[in-house]
Every structure is written in C-alpha cells, then in structure tokens.
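Working notes for the structure below.
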Amino acid sequence: MKLIEIIAPAEHSTTIQGIAEHFEVRNFTLGVISDDGRITCRMLVQDEKRQRVMDALQGALTTIEMAHIIVIPVDAALPRLVAEEDESEEKRQAATREELYSDVAKGSHLDGNFLLLVFLSTIVATIGLIENNVAVVIGAMVIAPLLGPNIALALGTSLGDSELIGKALKSLSSGLMFAIGLAWLMAILWPVAMDSHELLSRTTVKLDSIALALASGAAAVLSLTTGLSSVLVGVMVAVALLPPAVTIGLMLGTGQTALAEGAALLLAVNVVSVNLSAKLVLLYRGIKPRTWGEKKKAKLNTILYLLFWFISLAVLVVVVYSKGEKLLGG
C-alpha cells in the first residue's frame with residue numbers, strides 16, 4: 001500500500017477524482033488551491049490497484065507541465081485495510097514499474113560510491129580467497145554492488161529503455177574490469193597460495209554454479225517486484241560474480257593463464273545465467289511499458305535479449321562440456 005500524491009492545475013482535479021472513483025480508491029482527498037493555481041490530491045492505493053491507477057494518472061496528466069505524481073511509502077495505516085481478492089491480478093507486482101525503475105536506476109549508477117564499493121569488496125574478496133577464508137569471502141559479498149547493473153539490464157529491455165540498458169552495461173563492465181585489474185595488481189604484490197580451495201574452486205564450472213546464478217537472478221527480481229528486502233539476494237548475485245572476477249585477476253597476476261581461462265568461463269556463465277533468469281522472471285511478472293509504441297519496442301528488445309542469452313548460455317555449456325571431455329581424455 002502506498003500514498004499517491006498528485007500536484008496538478010486545479011482544473012484537472014475533476015479528472016483525478018474521476019480516476020479515484022473509477023478504481024474505487026477508498027481514501028481520496030483534495031487539498032486547497034495554492035497561489036500558483038495548483039491543487040494537491042492524495043489517494044491511499046492498495047498494491048493490487050496501484051499500477052493501474054498510475055497508468056491512468058500518467059495518461060491523463062502526461063502532457064501537463066505543472067503536474068507531478070509522487071509515490072510515498074506507507075509504513076502503517078489505521079484502521080487496517082484488507083487487500084481485495086482478485087485472482088485475475090495474482091501476477092501483478094507489488095511495486096509499480098515506476099518504483100522499480102527508480103530503485104534499479106539508483107543501483108546501476110556508475111559513480112564514485114559504486115567504484116569505492118567495488119574497490120573495498122574486491123580487496124576483502126582477494127584476501128578471503130588467498131587465505132582460504134570462507135567467512136571473509138562472504139563478507140565481501142555483502143558490500144559488492146553488482147545486483148543493480150544486472151537487474152537494470154533486464155529491466156531496461158523489458159521497458160525498451162535504451163538509456164538504462166547503456167548505463168547498466170557500462171556499470172557492470174566497469175565494475176567487473178575494475179575488480180579484475182585490482183586483483184591482478186594485488187597478486188603481484190601479495191604471494192598467492194595455489195592450495196587455497198576457495199580460490200581453485202572458482203576456476204572450474206559445474207552445474208551447481210549455473211544453478212546458483214540462475215536462482216540468484218530470479219530471486220533478485222522477485223525480491224524487487226514483491227517489495228521484499230533485496231539485501232540477501234544481492235549477496236547471492238555477488239557470490240556468483242565477484243569471486244570469479246577476482247580469481248581471474250589473481251591467476252593472471254601469477255601467470256596461471258589456464259586457471260584464469262577457467263575463472264573467465266565461470267564468470268561468463270554466471271553473468272549470462274543471472275541476466276537470463278532475471279529477464280524471464282520480469283516477463284512472468286508482466287513488467288512492460290505503458291504506451292503501445294513503447295510496448296512494441298520493448299517486445300522486440302525482449303525477443304532479441306532472450307535469444308542472445310539463451311544462445312550464449314548454450315554455447316558456454318558446450319564449451320564447458322568439451323573442456324570436461326578433454327580433461328577426462330587427458
């Protein structure tokens with residue numbers, strides 16, 4: 001349940017009130033007209049109706065320059081409002097596309113804070129992998145900011161938003177390359193023990209690695225669309241991406257190119273799996289643009305996106321299988 005506040009010219013108050021009545025919004029109030037001729041309207045909207053109400057408001061006010069729609073979280077309301085049962089809306093997300101976009105866009109922004117978190121998590125992960133310390137490796141996952149760019153990439157294709165896709169690709173590639181480069185530098189300065197199980201386990205690809213990455217991407221989108229905490233799934237995504245990236249840098253820094261190739265293959269499989277499952281869940285949850293033109297563009301993007309990731313995963317699985325056959329044959 002969220003509070004939707006609409007600030008618009010007073011002459012549009014009847015339209016806004018009509019939308020509230022059409023969707024049977026229980027709590028609707030009109031404020032006083034301000035000096036600039038605008039009025040503030042508020043409506044308390046339950047989760048199952050919020051996306052439809054937002055779409056209607058945008059359709060009515062999108063061309064009005066002085067109109068603003070603001071979504072405000074509600075921690076509690078008295079008396080309690082019981083959610084309406086509507087089986088036809090069982091897949092409707094608790095968060096609207098606008099709320100999802102706001103949350104995801106913030107997490108995918110490439111700035112000093114993002115790079116600092118990558119820097120810190122890479123250092124912690126490097127120490128954990130070298131020292132074979134599971135607790136330290138897990139600690140690195142908590143601060144790794146790799147959830148945002150991956151989910152932004154999937155959401156960008158769902159909405160047909162080329163700008164968001166570009167930002168996500170830039171942040172994800174920059175973060176991973178920064179982690180690999182920093183780990184490579186640390187390998188030159190810090191002796192790397194080749195008997196570390198935590199390190200060597202990131203140089204091979206197994207079915208459980210693919211399953212973990214697929215589950216991570218799916219859980220990440222579910223957590224965002226249902227309004228649940230994304231902290232734990234953020235750790236899951238980081239587990240799938242940061243340790244392999246760090247391992248690549250460490251192996252390159254110590255001249256172990258064969259092991260670096262294995263870690264690179266694991267990273268590639270995980271990136272593809274996370275993004276593929278995230279996209280499939282967004283598709284299942286019905287996340288799509290509002291207007292017909294945007295939907296047409298997003299549909300094409302979705303088809304190309306899914307084809308790319310499915311083909312990429314298939315190719316990588318073949319490569320993994322062929323490498324396994326060579327090792328058995330050797």
Checklist line | Filtered residues of the range 35-69 (kept if of a type outside the set (D, E, K, R), assigned to a strand (DSSP E or B) and closer than 18 Å to residue 23 by Cβ) | finding: 41, 43, 44, 45, 69
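Test of understanding: among 38, 50, which residue is free of Cβ contacts under 8 Å to residues at least 40 places away in the same chain and of a type in the set (Lys, Arg)?
38 is the lone residue from the list that is free of Cβ contacts under 8 Å to residues at least 40 places away in the same chain and of a type in the set (Lys, Arg).
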Notebook entry, point to check: Considering the range 191-240 alone, what residues qualify as being within 12 Å of the chain's Cα centre (by Cα), of a type in the set (Val, Ile, Thr) and either closer than 22 Å to residue 318 by Cβ or at pLDDT below 80 (or both)?
Noted result: 225, 231, 233, 237
Next item on the list: Quick one: residue 104 ticks every box in (1) assigned to a helix (DSSP H, G or I); (2) at pLDDT 85 or above; (3) touching a Gly at 6+ places or on another chain (Cβ under 8 Å) except a single one, so which number is it?
Entry: (2)
Next item on the list: Within the range 190-209, identify whether any single residue is more than 27 Å from residue 253 (Cα to Cα) and either part of a helix (DSSP H, G or I) or in contact with a Phe, Trp or Tyr (Cβ under 6 Å, 6 or more places away or on another chain) (or both), and answer yes or no.
Entry: yes
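The values are calculated or read from the model by the stated rules, or taken from the named source; none is laboratory data. Quick caveat: nothing in here was measured; it's all calculated off a predicted structure. Because the Cβ atoms are built from the backbone with ideal geometry, glycine has one as well, and the counts that use them run over all protein chains shown.
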